[in-house]
Amino acid sequence: MNQRTYIMIKPDAVARGLVAPIVARFEACGLKIERMELGTVTREQAEANYAEHEGKPFYTGLVAYITSGPVVKMVLSGPEAVMVCRKLMGATNPRDAAPGTIRGDFGLTLDANIIHGSDSAESAAREIAIFFGE
């Protein structure tokens, strides 16, 4: 089944010049880039995206980090796109991510873990609406 998902290459990866190798991994798996944009995340977008974490100890730092510099926002599509992207990204904590995954190969810390990807088709629809207004 063809599916859409949302991917964000985070400020640490953009600053380190990792956009091209990360995008290449998604393309190599046959995923189609429907939209891609370099830009910044507004405070409102960050708060909407991370609303379920509001009140948690890491929330303020998370919003500050994701709004701290440019990101690459993407809508990808393909068969089982959410699952394929989650596998490519690896575990959220780079220390736990397998070699060969994006976080396993490029991630440095849990706080600066390179990339965000939707965890379900429902989350993807919500995130695409937040960041692209669709």
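Values in this text are rule-based calculations from the coordinates and carry no lab data. On a predicted model such as this, the values are computed, not experimentally measured, just so you know. Please note: Cβ atoms are built from the backbone with ideal geometry, for glycine as well, and neighbour counts cover all protein chains shown.
Things to note:
- Remark on the range 90-134: hydrodynamic radius 11.4 angstrom, per the Kirkwood mean of 1/r across alpha carbon pairs.
- Working note: Karplus 6.51/-1.76/1.60 with θ = phi - 60° gives the range 5-17 the couplings 9, 10, 10, 10, 7, 7, x, 5, 6, 4, 4, 8, x Hz, where Gly and Pro are set to x.
- Whether the range 59-134 is rounded, prolate or oblate, judged on the alpha carbon gyration tensor where a/c under 1.5 counts as rounded: oblate
- The aspartates and glutamates whose alpha-carbon is closer than 12 Å to the alpha-carbon of residue 10, local same-chain residues fewer than 8 away aside, are 111.
- Alpha-carbon centroids, the range 90-134 and the range 27-70: separation in whole Å: 10 Å
- Using Cβ point charges alone (K and R +1, D and E -1), the dipole size of the chain about the Cα centre works out to roughly 300 debye.
- Among [x] 36; [y] 25; [z] 14, the entry derived from the coordinates for percent of Cα pairs over 26 Å apart: [z]
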